[in-house]
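The values are calculated or read from the model by the stated rules, or taken from the named source; none is laboratory data. None of the values given here were measured: they were computed from a predicted structure. All Cβ positions, even for glycine, are placed from backbone atoms using ideal geometry, and neighbour counts span all protein chains on display.
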Amino acid sequence: MTLHSSLAAPKVSIHNGKAITTSLDVAVYFGKLHKNVIRSIETLDCSPEFNRLNFEPVDYIDAKGEKRPMYTMTKDGFVFLVMGFTGKKAAAFKEAYIAEFNRMEAALTYPNYSQATLLVQQQQLILQLWLISFSALSTKASLSPQVAAVTTTSPPAESTSKPLSGTSSPKMSRARS
């Protein structure tokens, strides 16, 4: 698969019903060298299954007309990758993600929400976070109104929701074809 990439702004596109972006757009947006983003993707500590479902090696044609390696990634792949980044934009994304998690936790503690309502709200707000991460944020402060907009309640002192449990996955790398 060969993709032509414009470097004017980070892009999110819909492919087969899923939001995707590219390693090149992530590099430009976060001010990183593309080769370093590729290395980060290839050394993620995620399972081979997660890698297969969320990262796809592709080629793009650069400004000189040469074929170069790149990855396309899903929203989940993007989130997994960016959680390891540092810097103001990465911090702003992480704060928005935490605020949304707290909002969803609070919503789950209210019994008048149906599961369908919560699922729809969760999907809409995850998409909002995905789009926020690609907006023209220059500082953490510019995210505050957006975080306030998605944080409608604070969680109660006691929560009945179960804690998330994580497992570590073997380190993997992806070979290029």
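Would you please name the residue that is modelled with the highest pLDDT, looking only at residues in the stretch 6-36 that are under 17 Å from the mean Cα position of the chain (by Cα), more than 19 Å from L127 (Cα to Cα) and assigned to a loop (DSSP other than H, G, I, E, B)?
Residue satisfying both the conditions and the ranking: K32.
Given the structure, is L3 aliphatic (A, V, I, L, M), modelled with pLDDT of 95 or more and surrounded by fewer than 20 Cβ atoms within 10 Å (Cβ to Cβ)? Step through it out loud before you land on a result.
Values: aliphatic (A, V, I, L, M): yes; modelled with pLDDT of 95 or more: no; surrounded by fewer than 20 Cβ atoms within 10 Å (Cβ to Cβ): yes.
Taking the combined requirement at face value, the residue does not satisfy it.
Just to be sure before I move on: is D59 crowded, with 17+ Cβ neighbours inside 10 Å, of a type in the set (D, E, K, R), touching a Pro at 6+ places or on another chain (Cβ under 7 Å) and modelled with pLDDT of 90 or more in the structure I sent? Quick ask: steps written out before the conclusion?
On the way: crowded, with 17+ Cβ neighbours inside 10 Å: no; of a type in the set (D, E, K, R): yes; touching a Pro at 6+ places or on another chain (Cβ under 7 Å): yes; modelled with pLDDT of 90 or more: yes.
So D59 does not fit the description; no.
For R39, work out the one condition from (1) modelled with pLDDT under 95; (2) over 20 Å from K18 (Cβ atoms) it doesn't fulfil.
For R39, the exception is condition (1).
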